[in-house]
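The values are calculated or read from the model by the stated rules, or taken from the named source; none is laboratory data. Keep in mind the model is a prediction, meaning the values are calculated, not measured. Note that each Cβ is placed from the backbone with ideal geometry, even for glycine, and that neighbours are counted across all protein chains shown.
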Amino acid sequence: MTYLDLKYKPAETDIICKYYLEPNGITLEKACEEVAAESSIGTWTELTTLSKETKEELSARVFEIDKKKKTTKIAYPLKLFEKGSMPEIWSSIAGNIYGMKAVSNLRLLDIGFPQKMIKSFPGPKFGIPGVRKLLKVYDRPLVGTIVKPKVGLNYKEHAKVAYEAWAGGLDIVKDDENLTSQTFNPFYKRIPEVLKLRDKAEKETGEKKIYMPNVTAETNEMIKRAEFVKETGGEYVMVDVLTCGFSGLQTLRDVGLDLVIHAHRAGHAMLTRNPKHGITMLAYAKCLRMVGMDQLHIGTIVGKMQGGKQEIIDIKNEISEQEIKEHGDVLDQDWLKMKSTFPVCSGGLHAGHVSAIVKYLGKDIILQAGGGVHGHPGGTIAGAASLRQAAQAVADGKTLKEAAKTNSELSVAIKKWGVVKA
């Protein structure tokens, strides 16, 4: 077993991957070795083209196996990878290995990147401090909504809903993941119309307002759309990160438009939901921070989407902190001076969730409620007000029920949906 070395001490320059795996008719040790071989320099047979020197220099090494948990840690020499290329990294550590007969299940739990690899990526341009500076909001969670219904409104109706959300007190309005440029709501008509009403809402409220248009498309068209947003006076874009892929994301980040990039993770559960196979959202989120996403959906703990409490807390910490110490399935990670990614909580939220989410995740989060705003009995303006009131109440150290006594919109929201306890 040339890839198994339980005495190996990883070098500071190694990339460390932690996997869960279930062997298919072979020993756990052999299965671990097969994964290490296929993801580095090995194949199914001995090679006449592989020198001893190359083998020593580039072999991945299985240096830890936990038979009870069926996990392994594999160290990969930095030379195996192209710096600054997330597609190449994923082709190696999350590529052919998933199709191998040697394993019946395989899950990439986490990735630990060395400093030299971290430095080869730009990371977010704005991060949490930059976004807060742009909005001039420092003491509470940011609050936003998604225009609902997801699709079906024409561009004027879409803009009107956005305006009502801002008028009610929200900081942010975004498109949903499946609205791009359909015939009933063309992108190049929607953007100027929504931004015109954004300006109106800013003038009326005296507050900064943000619109996140979905620019998801083929890469060249995506960049064209982002450029149009910039030219029209927008400051943000949203992108569906899984469907665009790392290549598109890196191009969007590096094109130099000085736009905040909001990452929607639509489709991630295809990879992340099965606890025995695929990849964790934790590992995926780290890679998204590296390629430069300023904001990222992480789940809610208490909303409609699947995701355990500790998992979401770990993701939040990983993308927003500067240094992580190993615990559970989480590996050490020093982010050096790379900026943070702003965690976004969305999926079935309403004002009654706010105190519970903040208790779990802190105030450096963005709360986005779709149905919890537009489904308010008083309409969008009242629903927006209820979410803003809840966020301010938590920032002020008040309970939601206390705040509801002097905030009618919050009171109605709580009467309809209740208060969710942490």
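Regarding the stretch 274-296, can at least one residue be identified that is modelled with pLDDT of 95 or more, among the β-branched types (Val, Ile, Thr) and not in a strand (DSSP E or B)?
Within the stretch 274-296 (the criterion being modelled with pLDDT of 95 or more, among the β-branched types (Val, Ile, Thr) and not in a strand (DSSP E or B)), the answer is yes, since at least one residue qualifies.
So, in the stretch 88-119, how many residues would count as being part of a helix (DSSP H, G or I), within 21 Å of Thr13 (Cβ to Cβ) and touching a residue at least 12 places away in the same chain (Cβ under 8 Å)?
8
Do we find that Leu153 is of a type in the set (A, V, I, L, M, F, W, C), in contact with a helix residue (DSSP H, G or I) (Cβ under 9 Å, 6 or more places away or on another chain) and not in a helix (DSSP H, G or I) in this structure?
yes
Is one or more of the residues making up the stretch 330-351 crowded, with 16+ Cβ neighbours inside 10 Å, out of contact with any Gly (no Cβ under 8 Å at 6 or more places or on another chain), more than 30 Å from Lys119 (Cβ to Cβ) and modelled with pLDDT of 95 or more?
No.
For the stretch 156-175, give me each residue that is buried (at least 18 other Cβ atoms within 10 Å of the Cβ) and either acidic (Asp, Glu) or assigned to a strand (DSSP E or B) (or both).
Residues satisfying the conditions are Glu164, Asp171, Ile172, Val173, Lys174, Asp175.
Being touching a strand residue (DSSP E or B) at 6+ places or on another chain (Cβ under 7 Å) and of a type in the set (Ser, Thr, Tyr) is the filter; apply it to the stretch 216-271 and report the residue that is farthest from Leu135 (Cα to Cα).
Thr216
Where residues in the stretch 120-136 are part of a loop (DSSP other than H, G, I, E, B) and touching a residue at least 60 places away in the same chain (Cβ under 8 Å), which of them is surrounded by the fewest Cβ atoms within 10 Å (Cβ to Cβ)?
Lys136
Among residues belonging to the stretch 176-198 that are part of a loop (DSSP other than H, G, I, E, B) and touching a residue at least 12 places away in the same chain (Cβ under 8 Å), point out the one that is farthest from the chain's Cα centre (by Cα).
Phe184
Filter the stretch 1-12 down to the residues that are closer than 21 Å to Ile89 by Cα and surrounded by 14 or more Cβ atoms within 10 Å (Cβ to Cβ) and list them by number.
Tyr3, Pro10
Restricting to the stretch 137-147, name every residue that is buried (at least 17 other Cβ atoms within 10 Å of the Cβ) and of a type outside the set (Val, Ile, Thr).
Result: Arg140, Pro141, Leu142, Gly144.
Do the conditions hold for Ala201, that is, is it more than 23 Å from Glu409 (Cβ to Cβ) and either touching a residue at least 40 places away in the same chain (Cβ under 8 Å) or in the same structural domain as His264 (by TED's automatic domain parsing) (or both)?
Judged against the criteria, Ala201 is not a match.
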